[in-house]
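Heads up, the thing below is written out as structure tokens.
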Amino acid sequence: MTGQYAFTGYGPGYVAVNEKRHTQSLVVLPDRLITDWAARDFDSLAAAHFEPLAGLGLEILLLGTGSRIRFPRPEVIRPLIEAGIGVEVMDVPAACRTYNIL
């Protein structure tokens with residue numbers, strides 16, 4: 001699995017990527033792990049957090065919003081919408097499972 005990232009676990013307050021636990025917000029791509037994503041929690045999400053992601057050539061972004069589904073305001077995800085990137089919002093366990101299937 002060299003160079004490939006997958007969720008290998010999750011629980012209250014953490015996700016595991018390639019067997020390593022993470023307790024902060026992060027971005028997981030098939031070939032890259034971004035652990036210094038500036039978005040710290042759902043309530044602090046802003047359009048500026050998504051602007052760098054809009055240029056990554058993504059088709060879809062799975063947004064895990066914690067232990068329950070919470071939908072961001074449209075202006076927050078506007079950079080993704082304008083880039084033609086689909087946004088699927090789900091709780092973290094569902095986002096982890098869906099990511100691994102895709």
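The values are calculated or read from the model by the stated rules, or taken from the named source; none is laboratory data. Just so you know, these numbers come straight off a predicted model, no measurement behind them. Don't worry about glycine lacking a Cβ; one is built from the backbone with ideal geometry, like all the others, and counts go over all protein chains shown. When the accessible area is computed, the model is the full protein with side chains, heavy atoms only, and any ligands, DNA or RNA have been set aside. Shrake-Rupley method; radii C 1.70, N 1.55, O 1.52, S 1.80 Å.
Checking every one of the trypsin sites (Lys or Arg not before Pro) in region 2-102 against DSSP loop status and a limit of 16 other Cβ atoms within 10 Å picks out Arg40, Arg68, Arg70. For the chain, the longest principal axis of the C-alpha atoms and the axis of helix 92-101 are separated by about 80°. Rolling a 1.4 Å probe over the protein heavy atoms gives the chain an accessible area of 61 Å² per residue. With no solvent and one point per C-alpha, what does the Debye sum give as log10 I(q)/I(0) for region 1-93 at q = 0.23 Å⁻¹? Log-scaled intensity ratios, in q order: -1.36. How large a share of the accessible area of the chain, in percent, is made up of carbon and sulfur atoms when the probe is 1.4 Å and the other protein chains stay in place? Using a 1.4 Å probe with all protein chains present, the chain comes out at 52 percent carbon and sulfur.
Under a Cβ-only charge scheme (Lys and Arg +1, Asp and Glu -1), can you give me the dipole magnitude of the chain about the Cα centre, in debye to the nearest 20?
Values: 9 positive and 11 negative charges, 55 e Å.
That gives a dipole near 260 debye.
One decimal place: the segment Asp91-Asp31 gains 19.3 nm when fully extended, by the rule 0.36 nm per residue minus the C-alpha distance.
Look at the dipole of the chain built from charges on Cβ: of Ala95, Val27, Ser67, the Cα furthest out on the positive end belongs to Ser67.
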